[in-house]
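Participant: Starting off with a structure, shown below.
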Amino acid sequence: MRAVKFCENNLRRTASEQAKETLRKEYSELVKVYETGCIRRCLRCRVKPFCQIQLQTIEAEDAEALVEKVVQYMNVKSCSVD
């Protein structure tokens, strides 16, 4: 299980809140969801929803696409660890 961090500022400005709740409810066995202060991605913050897994920033056009990208990233990483 990996930590997925959402920037509080991005949550307020984009569709990240919806993505955060979807990951928290539907993918709790795959990820642990956290809200954190500024992730220092200021140019992206107001434009697109994004999150961070370890040092990897994942962004998308909307909440649904962000969830898909996070799940895909987690599946790829879990396959490479095995």
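The values are calculated or read from the model by the stated rules, or taken from the named source; none is laboratory data. Keep in mind it's a predicted model, so treat the numbers as computed, not measured. Don't worry about glycine lacking a Cβ; one is built from the backbone with ideal geometry, like all the others, and counts go over all protein chains shown. Side chains are part of the model used for accessible areas, which takes the heavy atoms of the whole protein and leaves out ligands, DNA and RNA. Shrake-Rupley method; radii C 1.70, N 1.55, O 1.52, S 1.80 Å.
Participant: Residues being touching a Cys at 6+ places or on another chain (Cβ under 7 Å) and loosely packed, with under 13 Cβ neighbours inside 10 Å: count how many of those fall in region 37-59.
Facilitator: 1
Participant: Suppose the filter is open to solvent by 60 Å² or more (accessible area, probe 1.4 Å), among the aromatic types (Phe, Trp, Tyr) and on the phi < 0 side of the Ramachandran plot; does TYR34 pass it?
Facilitator: Values: open to solvent by 60 Å² or more (accessible area, probe 1.4 Å): yes; among the aromatic types (Phe, Trp, Tyr): yes; on the phi < 0 side of the Ramachandran plot: yes.
For TYR34, the condition - open to solvent by 60 Å² or more (accessible area, probe 1.4 Å), among the aromatic types (Phe, Trp, Tyr) and on the phi < 0 side of the Ramachandran plot - is met.
Participant: While we're here: Working carefully through the options ALA15, ALA65, find the one that is modelled with pLDDT of 95 or more and open to solvent by less than 50 Å² (accessible area, probe 1.4 Å).
Facilitator: Matching residue, one of ALA15, ALA65: ALA65.
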